[in-house]
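Below is one structure, written out as C-alpha cells; comments come after it.
The values are calculated or read from the model by the stated rules, or taken from the named source; none is laboratory data. All values derive from a computational prediction rather than experimental measurement. When we count neighbours, we look across all protein chains shown, and the Cβ atoms used for this are built from the backbone with ideal geometry, even at glycine. In case anyone asks, the SASA skips ligands and DNA or RNA and just uses the protein heavy atoms, side chains included. Shrake-Rupley method; radii C 1.70, N 1.55, O 1.52, S 1.80 Å.
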Amino acid sequence: AFLYFQNSYVVTGTIDLILTNGEPNIDRSLVKDIECVSGVKAVHPRIFEQAKRIVGNEKLPIMIMGIDLTSNDQKQDELENHFRVSQDLTELKLTYFTLAAFRQIPVIVGSELNKELEKEELPVPDWLKGLGKRIKPILIEKGQNKHTVIRIASIELKDDADKDAFAAFTGHVVVLDLDNAAHVLGIPPGKVRRIDVVLEPGVDPKIAKS
C-alpha cells in the first residue's frame, strides 16, 4: 500500500450514486465488484460521522471523515484540484508511515480546525517533538470510547475552488484512513458507511443502478 494524498485526501468526488444497504454499515469489499460495472468511472468507500473533540472540560463537535488514503489505485480524482495540503507530499508520507509504525493514528485536519489547534497549548510527547511543530495530538470521543490522533497536516481550498460546494470539508473536519476512522468510531473492520460512485460522462444513473 502507498499513500496517494494527491488523489483522495479529502475530496468526496462528483457523486452520481450513493450506495447503502439500509443498515448503518456496508461491506467495503463491494468496491471491487462495483468497479467492474460498465459505465462506472470511480468508486469511493467513505465514512462520515460526528464526534467530539475534548479540550480541557469542553467537548467540541467535529466531523470524522474516513477515506482511502492508502490505496494502490492511482486513478485521478476529478476534484483533487480544489484542495491543497499544507505539507510537502513526500514529507507528509514519511511522517504518516513513521507514526503508523509506532501504532499512532495520523490525521489531516480542515483549515478551520487547524486554526483552533494552533491557538491551543496541547502537550506533545517528547518522542513526537522531533517530527516538527505540525505534530499535535487531538483527543476524540465517540460514545464511551476515546482515542488520541495526531495531526500531521491541514487542508484548505484553493483560490479558484468552488467555496460554496466544498467549504464544509475544510471546516472542523478530521480526515483519517478508512481503517483508522472505523477504529475511532467503533465501526466493524471491513465496513464503511457508504460507497460513492462516479459514472462516466453520459451514463444514465438509472441504467447503472440496474
### Matching entry among I62, I15, I34 (being surrounded by 12 or more Cβ atoms within 10 Å (Cβ to Cβ), of a type in the set (V, I, T), at pLDDT 90 or above and on the phi < 0 side of the Ramachandran plot)
I62
#### Entry: Top-ranked residue of the range 65-100 - restricted to ones that are at pLDDT 80 or above and among the small types (G, A, S), ranked as surrounded by the fewest Cβ atoms within 10 Å (Cβ to Cβ)
A100
## Note on the structure
The one condition E141 fails out of (1) more than 30 Å from K41 (Cα to Cα); (2) at pLDDT below 90; (3) in a strand (DSSP E or B) is (2)
### Query
Taking into account only those residues within the range 166-196 that are of a type outside the set (K, R) and more than 25 Å from P137 (Cβ to Cβ), which is nearest to the chain's Cα centre (by Cα)?
V192
### Task
Would you please list the contacts, defined by Cβ atoms under 8 Å and residues six or more apart or on different chains, that run from a residue in the range 28-39 that is closer than 13 Å to E200 by Cα to a residue that is open to solvent by 80 Å² or more (accessible area, probe 1.4 Å) and part of a helix (DSSP H, G or I)?
G39/I207
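A quick yes/no check of all residues on (1) within 18 Å of N180 (Cβ to Cβ); (2) without any contact (Cβ under 8 Å) to a residue 60 or more places away in the chain; (3) assigned to a helix (DSSP H, G or I):
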| position | (1), (2), (3) |
| --- | --- |
| R84 | no, no, no |
| T90 | no, yes, yes |
| A100 | yes, yes, yes |
| R103 | yes, yes, no |
| V107 | yes, no, no |
| N114 | no, yes, yes |
| V124 | no, yes, no |
| W127 | no, yes, yes |
| G132 | no, yes, no |
### Message
If I ask for residues that are at pLDDT 80 or above, over 21 Å from A101 (Cα atoms) and of a type in the set (A, V, I, L, M, F, W, C), which ones from the range 144-164 would you list?
### Response
I155, L157
#### Entry: Residue list for the range 134-164, restricted to those being in contact (Cβ under 8 Å) with a residue 60 or more places away in the chain and over 28 Å from I187 (Cα atoms)
L157, K158, A161, D162
